[in-house]
Structure formats: C-alpha cells, structure tokens
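Notes follow the structure.
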C-alpha cells in the first residue's frame, strides 16, 4: 500500500519523471502559465514552489541548487530576478491550478497552472453586435458603408467642378 507516499509517479521512471517536472517548471517560469493535465499540474506544483523558495533566499548556493534541478540557466535567472522578488511577501502558495475540464481526444482532465502574483492575462472575446449576425452578413454591410463614404466624395468633386 502507498499510504502517505507523496510522490506522484505519473506512470514514468524516476529519471523521466524528474526531467518532465523540471521541463514543466522551466516552461512555467518562461510563460507564466501552462496548460497541462491535472495530474501533471499537481505534480509540478511542489517543485515550482520549492524553486520559488530557493529564489527568495537568493544566495549562490540556492542558485546552484536550482540550476541542478532545472538545468536551464535562463529559467534560473528569470526565477531569481523576476518571479521570486514578486513573491517576497508570501509564505508559500505561489501557484494556482485552474481546472479546465476534460480534453476532447482522450477525456483527460486538463488544467492551467500559473503564478498567483503574475500579471493578469485577460482573454477578451470579440464584442458582438446586438443582432446576432453571421460573418457573411457583416461583410456586405461593410461594403455598403464604404460605398456610402465614396458617394459624398464624388458629389463633392462634382460640386467643385460645377463651381469652377
């Protein structure tokens, strides 16, 4: 029985799991938010939070320890210079997991994992008109507006010719 065994194995060997989690944390550091399966997000969270704790220490030893785990200099640099200073006031809880539902292909539960202190990325849908028209119905309306704009210009040109 696996009572009180905290490591999520994810069906991988230890070396593969370690590499996967390190790459996921590096992607999280680089992109501020990643979309992955819920199980992987839950496995990434403890490692990401430990890396932020190392970043908050800021010592050379902490930097070398983070580099030994993540194996990407750029990610470690961004972690220590950008992400850790944002989280100085927090005592843990640096990440959040947002569930997105099931993936269409295999029904795997999918989630976003993101930094709590990250700048908000707002995905605003395009504003719709009051009458729900299809894209095909909107295109001719734009053409008639352009023609309406052209007519006064032509009439102005005719008026200027008549005045001369």
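A short reminder: the numbers here are calculations on the coordinates, not readings from a lab. Since this is a predicted model, take the numbers as computed values, not measurements. All Cβ positions, even for glycine, are placed from backbone atoms using ideal geometry, and neighbour counts span all protein chains on display.
Measuring r between the beta carbons of residue 68 and residue 1 and using R0 = 30 Å, the FRET efficiency lands at 0.40. For the stretch 1-125, the Cα gyration tensor yields ellipsoid semi-axes of 24, 20, 13 Å (square root of five times each eigenvalue, largest first, whole Å). Here residue 42 and residue 120 are evaluated by their C-beta separation; at R0 = 30 Å the FRET efficiency comes out at 0.80.
Label zone (residue 91, point 7 Å along Cα-to-C-beta; backbone nitrogen cut-off 12 Å) within the stretch 43-58: none.
Among 54, 60, 20, what is the fewest-to-most ranking by other Cβ atoms within 10 Å?
Listing 54, 60, 20 from fewest to most nearby Cβ atoms yields 60, 20, 54.
Between residue 107 and residue 10, the modelled labels are 2.4 nm apart [label points 7 Å from Cα along Cα→Cβ].
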